[in-house]
1. For helix 490-504, what angle does its Cα long axis make with the longest principal axis of the chain, in degrees from 0 to 90 and rounded to 10?
2. Students often check this: by mean Cβ neighbours within 10 Å, which of 40-46, 167-173, 506-512 ranks highest, and how do the rest follow?
3. Ranking L337, L325, L371 by Cβ neighbours within 10 Å, fewest first, what do you get?
4. For the range 49-144, compute the orientation-averaged projected area of the C-alpha convex hull (one quarter of its surface), in nm².
5. In vacuum, with every alpha carbon of the chain counted as one equal point scatterer, what does the Debye formula give for log10 I(q)/I(0) at q = 0.06, 0.09 Å⁻¹? Two decimals, please.
6. Classify the range 412-564 as rounded, prolate or oblate, taking a ≥ b ≥ c as the square roots of the eigenvalues of its Cα gyration tensor: rounded when a/c is under 1.5, otherwise prolate if a/b is larger than b/c and oblate if not.
7. Which links in K44/K328; K493/K527; K301/K448 stretch past 26 Å when you go from one Cα to the other?
8. On C-alpha positions alone, give me the angle between the axis of helix 416-425 and the longest principal axis of the chain, in degrees, nearest 10.
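Every number here is computed from the coordinates shown, using simple stated rules; none is lab data. Predicted model, so just to flag it, every value in this text is computed and none were measured. Note that each Cβ is placed from the backbone with ideal geometry, even for glycine, and that neighbours are counted across all protein chains shown.
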Amino acid sequence: MKKDIINYEELNSLFHWGGEKIWLTDQMSEFIKDYFSITNLERKMKENINREKSQFPIMVPESKISDNLFKQIKNIPDLKISIDKVERIKFSFGMSYWDLLRLRNGKVKNIIDAVVFPNNVEALKEFLKIANDNDLCVIPSGGRTSVTEAIEPILKNKTNIAINMSLMNKILEFFPDSSIALVESGIILPDLEKWLNERNYKFGHSPQSFLLTSIGGAISAKGAGQFSSLYGNIKNLILDMEVITPIGSITNRNLLVPESAVGPNITDLMIGSEGSLGIISKAYLRIRPIMKLNFSSFLFKTFFDGINAIKEFYQLGLKPSVIRLSDKEETKLFLRLASNTEEGMIETIFKEATSFYLKRKGFITDHQCLLVLVFDGIEEINKVQKSKISAICKSNQGISIGESPAKSWYKERYQFPFYRSNFMEHGLLVDTLETATIWSNLPIIYEKVISELKQYCLVAMSHISHIYNEGAAIYFTFLTEEDYDWDNPLIKKIRKAILEIFNKNGATLSHHHGVGNAFKESLHLEKNLLSFKLLKEIKESLDPNNILNPSSGLFRPNISEKNF
C-alpha cells in the first residue's frame with residue numbers, strides 16, 4: 001500500500017483549538033512558572049517542540065477508497081469529496097487532550113479515508129445510499145470540538161468516510177411571531193447568533209466551544225450552554241428536526257406545533273445519539289428576544305457555602321441565566337489571570353477588598369470562592385431577583401463584590417481552550433472531566449475527585465454550573481506534567497480513576513460531553529442490559545448495516561451480558 005509522508009509543519013494548525021494559536025498573557029506565563037517551577041519558559045517550550053518534531057515525518061497510509069467508489073461519490077451533484085492527507089488527518093481527530101497529544105507527537109494511526117461535504121439534503125441522501133450499498137463506515141463531523149474521541153475511525157477493515165455538514169449552513173425560515181427559526185445543521189453558532197441578533201433575537205446556546213460548534217454537533221452531543229440555568233440544555237431549545245438515516249428520513253411531517261401528545265417524539269432519540277442513528281439535516285430552534293444583561297459577583301468563605309446559597313435561591317425560583325461557582329483554586333486562578341478590562345482592574349479591586357474588608361469578615365486569603373451571575377430578562381424583574389439572591393448569599397456567608405468579576409468572566413468566557421496548546425507546548429497535561437449529581441452528593445463528589453486528582457496532578461480545580469432544582473453539574477480541570485508513557489497513558493489512568501468515583505457515588509459519567517470512544521467501556525456502569533438491548537434494536541432498525549459512527553459506544557452491536 002502506498003503511503004504519503006507528512007511533516008510537523010503541515011499539521012501545525014491542527015495542534016491548536018480552532019486552528020489558531022493565542023500567545024500566553026504575562027499573567028498566564030507567571031502562573032506556569034510558579035505552579036510548575038519552570039524558570040525559563042522559552043527554553044522549556046523549545047525543548048518540548050523539538051522533542052515533538054523528532055517524531056516526524058510520519059507515514060500516512062493511502063486512502064482505502066477504490067477508484068470506482070471515489071468516482072461514484074464525486075459524481076453526486078452538490079457534494080465535494082477530499083482525500084487530501086491533511087484533511088483526512090484533520091477529520092480523524094477531535095479536540096480532546098488525548099487527540100491533540102497524539103497529533104503533536106505523530107501518533108497517527110486510525111485515519112479517515114475521505115471526507116465528504118454535501119451541499120443539500122438530496123446530496124446527503126444519495127451519499128448515504130452509496131455508503132449503505134458499499135458497507136462503508138460514515139462518521140458525521142461538525143465543528144470537531146468533541147472531547148470524547150467520538151469521531152475517530154476505529155474499524156480498520158472498513159473504508160471510513162467523514163461527513164462534514166459545513167456547506168449546509170443556511171437559515172431556511174424565520175417565524176418571529178412564534179419565536180422559531182429553521183436552520184440547516186451545518187451552521188455554526190456564531191453565524192446563527194449574528195443573523196438572529198441583527199433581528200433582535202438570539203438562540204442562547206453558548207457552550208465553551210461556541211466559536212466552533214455547529215447546530216448538528218450540539219444536538220448530537222446533547223450539549224449544555226453557559227445560559228442553561230435559565231434556558232435549559234440543547235434538548236430544551238430544539239422544537240423539531242429532520243434526520244436522514246440509511247433507510248430513509250425521520251420527520252414529523254412538517255407539523256410545526258409547540259407540543260404534542262401523539263406518542264413519543266421519535267426525533268428526540270437523535271439528541272445525544274452522536275451520529276449513530278442518522279444525520280441531522282435541519283432543525284427547528286426555539287429562539288427568544290434579546291434582553292439587556294445584568295451582572296453580579298459574590299465571594300464565599302467556602303465552596304459549600306456557595307453551593308448552599310445556589311441551591312436555596314434556585315429552588316425558590318430565582319434563576320439567573322448564568323450561575324457559576326468556582327472553588328478556591330479556580331477562584332485564585334481566575335482573579336490572577338483576569339486582564340485589565342473596561343470595567344476595571346479585577347485583581348487590584350480584589351486585593352484591596354481583601355485588605356480592607358474580607359479579613360474583617362473572617363475570610364481566609366486564597367480560600368474564598370467566587371460566584372458569578374448573569375441575569376437575562378426584563379430589568380425590573382432582574383432587580384428583584386438580584387436583591388433576593390443577595391440576601392440569600394449574605395445569609396450563607398457570602399458578600400457582594402460588584403459586577404466587575406462577572407463582566408470579566410463573561411468577556412473572556414470562550415478563551416481558555418485557545419490557551420491549551422500553549423500549556424501542551426510546555427509539556428503539560430491539561431484536561432477536564434464533568435458530571436452531574438443531586439445536591440446531597442455534590443460535596444462528596446467534589447472532595448473525592450479533588451483528592452484523587454491530587455494523586456496525579458499539580459493543579460486540580462472545580463466549578464459548578466448548569467443548575468437544576470435537583471442538583472447541578474460539576475466540572476473539574478486538572479494540570480500536571482505529561483510523562484509520555486504511550487503504553488499506559490497518564491490521561492487514561494486519571495479518567496478511569498475519576499469515572500469510578502462518579503459511578504460509586506451517584507454521579508453520571510457525563511453531563512454534557514457525551515460518550516464517544518473514550519468512555520464507552522464504562523457505559524455498563526450506568527445503563528442496564530435491557531437498556532442496551534433496546535438501544536441496539538433501535539440502531540439495527542435505522543442502520544441495519546451499522547455504517548453510522550461505530551466510534552460511539554452508545555449503540556454498539558457487540559453487547560456482552562457478562563459486563564452487567
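1. Relative to the chain, helix 490-504 is tipped by roughly 70 degrees.
2. Peptide ranking by packing, descending: 506-512, 167-173, 40-46.
3. Details: L337 20, L325 26, L371 29.
Fewest-to-most Cβ neighbours within 10 Å comes out as L337, L325, L371.
4. Details: hull surface 27.2 nm².
Orientation-averaged projected area of the Cα hull: 6.8 nm².
5. So the normalised log intensities are -0.31, -0.71.
6. prolate
7. Long pairs (Cα-Cα over 26 Å): K44/K328.
8. Here the helix axis deviates by roughly 80 degrees.
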